[in-house]
Amino acid sequence: MTRPAQSQPQAADQAAAPDRSRWTAAVFVAPVVLYLLAFQFYPLAQQFYLSLTDTSLLNPSRQTFVGLENYRDILSDPEFHQALRVTVVYTLVCVAGSILLGLGAALLLDRPFRGRGIARALVTIPWAAPPVAAALIFVWLYNAQYGLVSRASQALGLSAGGFNWLDEPSFALPAILVTTLWQIFPFSAVVILAALQGVPSELREAAVIDGADRLSVFKAVVWPTIRPTVALLALLITVWSLRRFDVIWIMTQGGPLGETNTLVIDLYRRAFVYLDLGRAAAVGIVGLAVAVLVTLVYFWASRRAEAASGRR
């Protein structure tokens with residue numbers, strides 16, 4: 001028995017279906033593309049052109065094209081080198097410290113105990129606090145006359161007299177790092193805790209039955225499951241740390257002696273203190289290049305890790 005031939009209208013509808021679905025996808029994607037073009041790529045192109053000009057904040061409409069001169073100036077500027085060094089140190093400590101503290105807190109909160117729900121809620125308070133309020137609180141804590149940190153260091157014999165931690169070149173950056181870690185580690189804890197909830201309990205129980213201790217269970221069962229989440233978390237914290245401004249500016253404004261002067265602080269100072277928009281834009285482009293490089297390294301490492309796990 002032969003199958004009846006398909007009618008021409010049905011064949012035409014089936015041929016047009018892929019075209020309609022393609023146009024439907026384009027309609028949904030178009031608003032996102034327009035948003036990125038209008039509010040991301042166009043301002044970025046404007047900033048790149050601004051970095052190639054000699055422009056003053058006093059007269060921003062008067063621009064003199066100077067090419068790569070701004071980049072040569074900042075790359076030979078010791079102040080920029082110090083800002084880049086401080087940014088790298090600040091970012092590395094923020095990433096490592098927040099993930100280690102968050103992992104420890106998540107492992108503790110993942111275990112059953114009385115009041116666990118309340119503890120999980122309390123650990124998010126620093127993250128929920130506004131950065132400006134947190135910075136002002138820690139400025140008060142580090143104060144030389146009435147700060148609790150200064151009083152405690154005197155009571156413990158760590159310092160003979162009171163001093164403002166934020167005015168000391170050796171202590172300013174560690175003090176800001178403590179403030180930053182106090183505020184951002186709860187986010188790491190919540191994210192890692194959510195990843196821990198996805199670890200199958202059967203695998204943990206099987207490892208315990210086989211005689212594995214807690215460290216072995218973590219290395220063989222828990223860590224491989226949460227590693228992609230931790231890697232993505234490290235990328236997010238890296239990008240956030242590279243562009244953090246409010247806490248540092250409120251606490252030290254990049255001082256003392258440039259010991260807390262990051263790229264973002266350096267950009268702000270060049271634009272609104274030195275009134276040099278061209279060099280400020282060049283600093284911003286360099287910071288963007290660093291962030292893009294970090295992102296590319298992350299995706300390269302992720303693909304390599306996936307390929308390695310696929311070969312096993």
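Observations
- Test: E205 is under 30 Å from R279 (Cα atoms) and either buried (at least 17 other Cβ atoms within 10 Å of the Cβ) or of a type outside the set (A, V, I, L, M, F, W, C) (or both): no
- Scanning the range 206-215 for residues that are farther than 20 Å from L108 by Cβ and acidic (D, E) gives a single hit, D210.
- Candidate set: the range 73-94, residues that are among the hydroxyl-bearing types (S, T, Y) and touching a residue at least 12 places away in the same chain (Cβ under 8 Å); chosen: the one farthest from L177 (Cα to Cα): T87
- Any hit, the range 148-155, residues being open to solvent by less than 60 Å² (accessible area, probe 1.4 Å) and either at pLDDT 90 or above or outside any helix (DSSP H, G or I) (or both): no
- Pair list, Cβ < 9 Å and 6+ apart or interchain, from the range 203-223 residues that are farther than 17 Å from I192 by Cβ and in contact (Cβ under 8 Å) with a residue 40 or more places away in the chain to residues that are open to solvent by 50 Å² or more (accessible area, probe 1.4 Å) and aliphatic (A, V, I, L, M): none
- Options V95, V88: the member that is farther than 15 Å from A172 by Cα, of a type outside the set (K, R) and surrounded by 19 or more Cβ atoms within 10 Å (Cβ to Cβ): V95
- Summed over the range 32-56, the residues that are touching a Phe, Trp or Tyr at 6+ places or on another chain (Cβ under 9 Å) and open to solvent by less than 60 Å² (accessible area, probe 1.4 Å) give a count of 3.
- Among the conditions (1) free of Cβ contacts under 8 Å to residues at least 24 places away in the same chain; (2) assigned to a helix (DSSP H, G or I), the only one that N70 does not satisfy is (1).
- Top-ranked residue of the range 171-186 - restricted to ones that are in contact (Cβ under 8 Å) with a residue 12 or more places away in the chain and open to solvent by 50 Å² or more (accessible area, probe 1.4 Å), ranked as nearest to V93 (Cα to Cα): V178
- Residue match in the range 236-251 (condition: open to solvent by 70 Å² or more (accessible area, probe 1.4 Å) and either modelled with pLDDT of 90 or more or touching a strand residue (DSSP E or B) at 6+ places or on another chain (Cβ under 6 Å) (or both)): yes
- Looking at A301, A305, A281, just one residue is of a type in the set (G, A, S), more than 29 Å from S170 (Cβ to Cβ) and either touching an Asp or Glu at 6+ places or on another chain (Cβ under 8 Å) or open to solvent by less than 20 Å² (accessible area, probe 1.4 Å) (or both), and that residue is A281.
- Counting residues in the range 22-42 that are in contact (Cβ under 8 Å) with a residue 24 or more places away in the chain and of a type in the set (A, V, I, L, M) gives zero.
- Qualifying residue in the range 267-281 (condition: on the phi > 0 side of the Ramachandran plot, free of Cβ contacts under 8 Å to residues at least 60 places away in the same chain and not charged (D, E, K, R)): no
- Scope the range 78-114; condition among the small types (G, A, S) and either touching a Lys or Arg at 6+ places or on another chain (Cβ under 8 Å) or closer than 21 Å to S188 by Cα (or both); matching residues: A96, G97, S98, G102, G104, A105, A106
- Across the range 45-65, not a single residue is classified as modelled with pLDDT under 95, in a helix (DSSP H, G or I) and among the charged types (D, E, K, R).
- Filter result (touching a Leu at 6+ places or on another chain (Cβ under 8 Å) and outside any helix (DSSP H, G or I)) within the range 99-128: V123
The values are calculated or read from the model by the stated rules, or taken from the named source; none is laboratory data. Fair warning: this is a prediction, and the values are worked out from it, not measured in the lab. We place every Cβ from the backbone using ideal geometry, glycine too, and count neighbours over all the protein chains shown. The protein model used for the area step is the full one, side chains on, heavy atoms only, and it has no ligands, DNA or RNA in it. Shrake-Rupley method; radii C 1.70, N 1.55, O 1.52, S 1.80 Å.
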